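The values are calculated or read from the model by the stated rules, or taken from the named source; none is laboratory data. Remember, predicted model here, so these are calculated numbers, not experimental data. Counting neighbours? That spans all protein chains shown, and the Cβs are built from the backbone with ideal geometry, glycine included. Note: accessible area is taken over every heavy atom of the protein model, side chains too, but ligands, DNA and RNA are not part of it. Shrake-Rupley method; radii C 1.70, N 1.55, O 1.52, S 1.80 Å.
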Amino acid sequence: QAQLVESGGGLVQAGGSLRLSCAASGRSFSGYVMGWFRQPPGKEREFVAAISGSGISTWYADSVKGRFTISRDNIKRLVYLQMNSLNPEDTAVYYCAADLLWDGSRWGPKSTTYWGKGTLVTVPS
């Protein structure tokens with residue numbers, strides 16, 4: 001029932017910034033742990049960041065900690081990923097995800113997780 005649509009991707013030079021947005025529909029949005037994942041070219045999808053339903057708690061992959069910030073607006077039903085100090089290793093398709101599962105060490109997808117179709121971020125080397 002939920003639908004997620006990402007936007008904000010593009011090409012940015014190393015050291016630059018981008019802000020991704022995820023627009024969500026669905027009655028349970030505020031109750032979902034939301035997250036961002038990314039899939040670099042030729043690699044598997046990996047966790048980037050997650051945020052609790054209230055927005056109070058956040059989690060980040062070590063590779064982006066201190067550079068990326070996840071936030072949400074439950075009234076507007078939007079999730080954001082502010083990306084600063086981008087480098088070529090950040091090049092990937094970025095996916096928004098809703099309703100994640102805690103596996104004991106991180107938030108990850110489950111069979112019923114909702115996914116957006118992704119937005120491409122390219123940082124040339």
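Summary of values
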read-out: Å² per residue, accessible surface of the chain at 1.4 Å; value: 52 Å²
read-out: Summed residue charge, Cβ within 15 Å of residue 86's Cβ, Lys/Arg positive, Asp/Glu negative; value: +2
read-out: The chain, relative contact order in percent, only Cα pairs under 8 angstrom and at least six apart counted; value: 35 percent
read-out: DSSP-loop GluC sites (Glu not before Pro) across the stretch 21-125, with at most 11 other Cβ within 10 angstrom; value: 44
read-out: Zero-based 5 Å bins, Cα pair distances in the chain, whole percents; value: 2, 12, 24, 26, 20, 11, 5, 1, 0
read-out: Gaussian network model of the chain, springs between alpha carbon atoms under 10 Å - residue of 53, 104, 15 with greatest fluctuation; value: 104
read-out: Computed label-point distance, nm, for sites residue 3 and residue 89 using a 7 Å Cα→Cβ extension; value: 3.7 nm
read-out: Size of charge dipole - the stretch 21-118 - debye, nearest 20, with Cβ of Lys, Arg +1 and Asp, Glu -1, no other charges; value: 280 debye
read-out: Whole-Å distance, taken between Cα centres, linking the stretch 91-108 and the stretch 11-48; value: 9 Å
read-out: Those aspartates and glutamates that a straight Cα-Cα span of less than 12 Å connects to residue 117, excepting residues fewer than 8 apart in one chain; value: 6
read-out: Listed residues 41, 88, 109, most fluctuating in the chain (Gaussian network, C-alpha, under 10 Å); value: 41
read-out: Percent carbon-and-sulfur accessible area, the stretch 1-84, ignoring ligands, DNA and RNA, probe 1.4 Å; value: 47 percent
read-out: Around residue 100: net Lys/Arg minus Asp/Glu count, Cβ-Cβ under 10 Å; value: 0
read-out: Two-decimal ratio, the stretch 1-63, of alpha-carbon radius of gyration to 2.2 N^0.38 Å; value: 1.27
